[in-house]
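**Student:** I'd like to ask you about the structure that follows.
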Amino acid sequence: MYAQMIKTAHSGVHKREDMTEQERAFQDRIDAGEKIEPRDWMPDDYRATLIRQIGQHAHSEVVGQLPEGNWITRAPTLERKAILLAKVQDEAGHGLYLYSAAETLGESRDELVRLLHEGRMKYSSIFNYPTLNWADIGAVGWLVDGAAIVNQVALQRTSYGPYSRAMVRICKEESFHARQGYSAFMAMALGTPEQKRMAQDALNRMWFPCLMMFGPSDKDSVHSEQSMAWKIKVATNDELRQKYVDQTIPQIEYLGLDLPEAGIVWNEARGHYDFDMPDWSEFFNVLKGNGPCNSDRMADRVNAWEDGAWFRDGLMAHARKARARKMAAE
Amino acid sequence: MVAPVPEVRLATNANMAGPVVFTGQTPLTPGTPEHDLFTGLTRLGDNTLILGHRVSEWCGHSPILEEDIALANMALDLIGQTQLWLGLAGAVEGAGRTADDLAFLRDGWDFSNILLVERPNGDFGQTLMRQFLFDAWHQPMLKALEGSADARVAEIAAKAGKEVAYHVERSADLVIRLGDGTEESHTRMQRALDALWTYCGEMFIGDAIDARLAAAGIMPAPESLRPGWDALVGEVLAEATLTPPANPYAHTGGKQGKHTEHLGHLLTSMQWLQRAYPGAKW
Ligand SMILES: [Fe+2]
Ligand SMILES: [Fe+2]
C-alpha cells in the first residue's frame, strides 16, 4: 500500500508465554480494541515498526505529488488545473499529518526525510511509475487513491491512536479524490476516440502497479503476522487486493473500456473476481530502485531539499535574530 | 461596434469533438468601449493566469512541505481569479469565447499580461520576490477596482481582494525574513530584486486604453498606484535590509502583446492538450 513490506524487528509472533508482564498487558489492551496513545508504554519493536510504516506512508504522500505535478502545467482547462492543484495540495497536507503522527513516536520529520534521501526508507512503489497522458491523472485519483482508500479505511481501526485518527481524516479527502478522479477519467473514456485511447492506455499501464500497492501475497509476506497481532496491520494483503479488484471491475465496465488483462473473470462459486497477479519480479525490482521513475523521483526530492537549504536556514537565522532583538529590548 | 465573428472551423479529428473556437484576435473594434473593457479585463486575467501558472510550476519541488502547500494555495487563488476575469472578458466580447478559450486558444501576441509575471521562476527567492513586487501592486489595484463604475468588475475585485490581502502579507513577510536572514539568503534576495526591478515600472505606465478606462471610472489610472507601491515596497525592503536598485528603466510591451521569449514556452506546455486535440471536452 502506501506502506509496503514493512519489516518488524524480527519475524514470527511473540508467544504469550515468552512475553513479560508489561508486554502481556499491552497485548491485552490491543486485543480489547483499546487505542495506544503516545504517552503509553509500548514495546520497542511496536514503536519501531510503526515509525517505519507511518514514515513510509508520509513519504508516499510527498513523493506522490510528483507524478501528478507532472501534469499541472499541462492541465487542459482552468477547472481541471484547479482540481489537480487542490488534490496535490491535499496530498502534501497528508504528508504533514503523517509526519506529525510519527513525531508522537519520537521520530522527527527531518530525520525521516534524511533516511528517505539516503535511500534507507521507501515510499510506495506506485509512484515510481510515470504519468504519460492526461487520462493518467484521472486514473491516479480513481485507481491509486482508490487502492489507498481500501487500505486506509481498514487502518482506521489500527491500534495506534494518532495514526488511526490521521487515517480517519485522510480517508475523507481520499474518497473525494477518487470520485473526482473517476469523473475526470470518465470524461476521457466517453470522449473522442483519441481520449478513449488515452483512457484505455492509462488503465492498462496502471492496473498491475495498482495491484502491487497491496504488497506480495500473504503467504510470501514474512513480516505480517506480528503487525497483525499488534493491529498495526488489520487485514491481509490478499484480502485487501480482492476487495479492490471486486469494487473496481464494475467501474471499468461502466466506462465501456476493455478489462486491463485477460485473467479477470467473475467466479460465481467464490463470489469474487478471479484475476492474474502482477509480475512480482517487477515489483521487487521497483523496490530495489529499478522502476521506471525511481531515480527521477529521488533526484527531484533530494534536489528540492538541497536547493531549499538556504531558504530554511534563512528563516531560522531570522527567527534567531528577531528573538535576540526582542530580548535586547526587554 | 462588434465586427462579425470569424468563420468557425469544424473539427475534423473526431466525430465526438465539438466546433472549434476561433483563436485569433478579438473581433471587437479598437477604440470602442467594449474593446477597451475587454482589453482591461484580459490584462487582469492574463496577469493572474500567467503568474498562477508560474507558481504552479513549483509543485512538489519547493524547499519545505509547508511551502508546497502555500504555493498551491496561491496558485489556486490566482487561477480562480483568472476564471472570473477572463470569463467576464469573454462575456464582454460577446463572441462566445469562454475563459478557457481565452486561456488556451490565444497565441502570445494576444496575451496582455505584464512582463514581470512571465519571468521564469529562478530560485525560490526570485519566485518570492516576483510575488511580492506583484502583490504590492495587485492589492491596491483590486482595492481601487472595488469602486469600479462597472458592477461586475467591482464584484470580482472584492472577492479577489480578500485573497490577495493575504498574499501580500505573506510575501512581504518572507521577503523581510529572507532579506534579513543569513548572508546567503540576503544575497539571493538582493539578486532577485536586481533581476526583477526593471520589470516593475510597466505596472504604472498607462496607454490610451488605460486612460479611457480611467476616465470612465472603470479602472484606476496605472500611474495613480505608484505612490502606494513605492511606499510599501520601500518599507518592506528597508526592513529586509535590501537595497532598491538605482536603475529607473522600465521594460514594457506585455500589455500590448509584445512579450519576452519566455511566454511562448509557457504557452506551449499550458495550451498543448487543447491545441493537439481541438474541440475535445476535458
Ligand atoms: Fe493522500
Ligand atoms: Fe489522495
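The values are calculated or read from the model by the stated rules, or taken from the named source; none is laboratory data. Since the model is a prediction, treat every value here as computed from it, not as a measurement. Cβ atoms come from the backbone with ideal geometry, glycine included; neighbour counts cover every protein chain shown. The accessibility values were calculated without ligands, DNA or RNA, using every heavy atom of the protein model including side chains. Shrake-Rupley method; radii C 1.70, N 1.55, O 1.52, S 1.80 Å.
**Student:** Have a look at B:ALA221, B:ALA240, B:ALA276 and point out the one that is at pLDDT 95 or above, farther than 23 Å from B:ALA195 by Cβ and within 14 Å of chain A (Cβ to nearest Cβ). Write out each step before concluding.
**Tutor:** Working: B:ALA221 fails: within 14 Å of chain A (Cβ to nearest Cβ); B:ALA240 fails: farther than 23 Å from B:ALA195 by Cβ.
Every option except B:ALA276 fails the conditions.
**Student:** Before we move on, is A:VAL113 within 14 Å of ligand 1 (Cβ to nearest atom), within 14 Å of chain B (Cβ to nearest Cβ), open to solvent by less than 40 Å² (accessible area, probe 1.4 Å) and on the phi < 0 side of the Ramachandran plot? Spell out the reasoning first.
**Tutor:** Numbers: within 14 Å of ligand 1 (Cβ to nearest atom): no; within 14 Å of chain B (Cβ to nearest Cβ): yes; open to solvent by less than 40 Å² (accessible area, probe 1.4 Å): yes; on the phi < 0 side of the Ramachandran plot: yes.
It is false that A:VAL113 is within 14 Å of ligand 1 (Cβ to nearest atom), within 14 Å of chain B (Cβ to nearest Cβ), open to solvent by less than 40 Å² (accessible area, probe 1.4 Å) and on the phi < 0 side of the Ramachandran plot.
**Student:** Out of B:LEU102, B:LEU84, report the one residue that is touching a residue at least 12 places away in the same chain (Cβ under 8 Å), within 14 Å of another protein chain (Cβ to nearest Cβ) and surrounded by fewer than 24 Cβ atoms within 10 Å (Cβ to Cβ). Steps first, please.
**Tutor:** Details: B:LEU102 fails: surrounded by fewer than 24 Cβ atoms within 10 Å (Cβ to Cβ).
Among B:LEU102, B:LEU84, only B:LEU84 is touching a residue at least 12 places away in the same chain (Cβ under 8 Å), within 14 Å of another protein chain (Cβ to nearest Cβ) and surrounded by fewer than 24 Cβ atoms within 10 Å (Cβ to Cβ).
**Student:** Checking A:ILE54 against (1) more than 15 Å from ligand 2 (Cβ to nearest atom); (2) part of a helix (DSSP H, G or I); (3) touching a Ser or Thr at 6+ places or on another chain (Cβ under 8 Å): exactly one of these is not met. Which one?
**Tutor:** Against the list (1) more than 15 Å from ligand 2 (Cβ to nearest atom); (2) part of a helix (DSSP H, G or I); (3) touching a Ser or Thr at 6+ places or on another chain (Cβ under 8 Å), A:ILE54 comes up short only on (3).
**Student:** Related question: Among A:ALA269, A:ALA324, A:ALA262, which is the only one that is part of a helix (DSSP H, G or I) and over 21 Å from the mean Cα position of the chain (by Cα)? Lay out the reasoning, then the answer.
**Tutor:** On the way: A:ALA269 fails: part of a helix (DSSP H, G or I); A:ALA262 fails: part of a helix (DSSP H, G or I).
One residue alone meets the criteria, A:ALA324.
**Student:** Here's a follow-up. With respect to B:LEU49, determine if the residue is open to solvent by 10 Å² or more (accessible area, probe 1.4 Å), more than 7 Å from every other protein chain (Cβ to nearest Cβ) and in a helix (DSSP H, G or I). First the steps, then the outcome.
**Tutor:** Working: open to solvent by 10 Å² or more (accessible area, probe 1.4 Å): no; more than 7 Å from every other protein chain (Cβ to nearest Cβ): yes; in a helix (DSSP H, G or I): yes.
Criteria not met by B:LEU49.
**Student:** Okay, next question. Just wondering, is there one or more residues in region B:174-182 that are more than 21 Å from the chain's Cα centre (by Cα), in a loop (DSSP other than H, G, I, E, B), within 14 Å of another protein chain (Cβ to nearest Cβ) and touching a residue at least 12 places away in the same chain (Cβ under 8 Å)?
**Tutor:** Yes, region B:174-182 contains at least one residue that is more than 21 Å from the chain's Cα centre (by Cα), in a loop (DSSP other than H, G, I, E, B), within 14 Å of another protein chain (Cβ to nearest Cβ) and touching a residue at least 12 places away in the same chain (Cβ under 8 Å).
**Student:** Give region B:127-165 a look and list any residue that's hydroxyl-bearing (Ser, Thr, Tyr) and within 17 Å of the chain's Cα centre (by Cα), or say none.
**Tutor:** Just the residues of region B:127-165 that are hydroxyl-bearing (Ser, Thr, Tyr), to begin with: B:127, B:148.
If the condition is that a residue be hydroxyl-bearing (Ser, Thr, Tyr) and within 17 Å of the chain's Cα centre (by Cα), then B:THR127 is the only one that fits.
**Student:** I would also like to ask the following. Within region A:130-156, which residues are within 10 Å of ligand 2 (Cβ to nearest atom), touching a residue at least 40 places away in the same chain (Cβ under 8 Å) and farther than 19 Å from A:MET228 by Cα?
**Tutor:** A:VAL140, A:GLY141, A:VAL144, A:GLY146
**Student:** Let me ask something else. If B:ARG191 satisfies every condition in (1) touching a residue at least 60 places away in the same chain (Cβ under 8 Å); (2) open to solvent by 30 Å² or more (accessible area, probe 1.4 Å); (3) out of contact with any Phe, Trp or Tyr (no Cβ under 7 Å at 6 or more places or on another chain); (4) not in a helix (DSSP H, G or I) but one, which is the exception?
**Tutor:** (4)
**Student:** Let me ask something else about it. Got at least one residue in region A:127-140 being more than 11 Å from ligand 1 (Cβ to nearest atom), part of a helix (DSSP H, G or I) and more than 14 Å from chain B (Cβ to nearest Cβ)?
**Tutor:** yes
**Student:** For A:SER159, only one of the following conditions fails: (1) within 16 Å of ligand 2 (Cβ to nearest atom); (2) open to solvent by less than 20 Å² (accessible area, probe 1.4 Å). What is its number?
**Tutor:** Every condition holds for A:SER159 apart from (1).
**Student:** Restricting attention to region A:25-42, and to residues there that are over 12 Å from A:ALA229 (Cα atoms) and either charged (D, E, K, R) or touching a His at 6+ places or on another chain (Cβ under 8 Å) (or both), which single residue is most open to solvent (accessible area, probe 1.4 Å)?
**Tutor:** Checking each candidate, the answer is A:ARG39.
**Student:** So B:HIS61 ticks every box in (1) assigned to a helix (DSSP H, G or I); (2) facing chain A (nearest Cβ under 9 Å) but one. Which box is left unticked?
**Tutor:** Against the list (1) assigned to a helix (DSSP H, G or I); (2) facing chain A (nearest Cβ under 9 Å), B:HIS61 comes up short only on (1).
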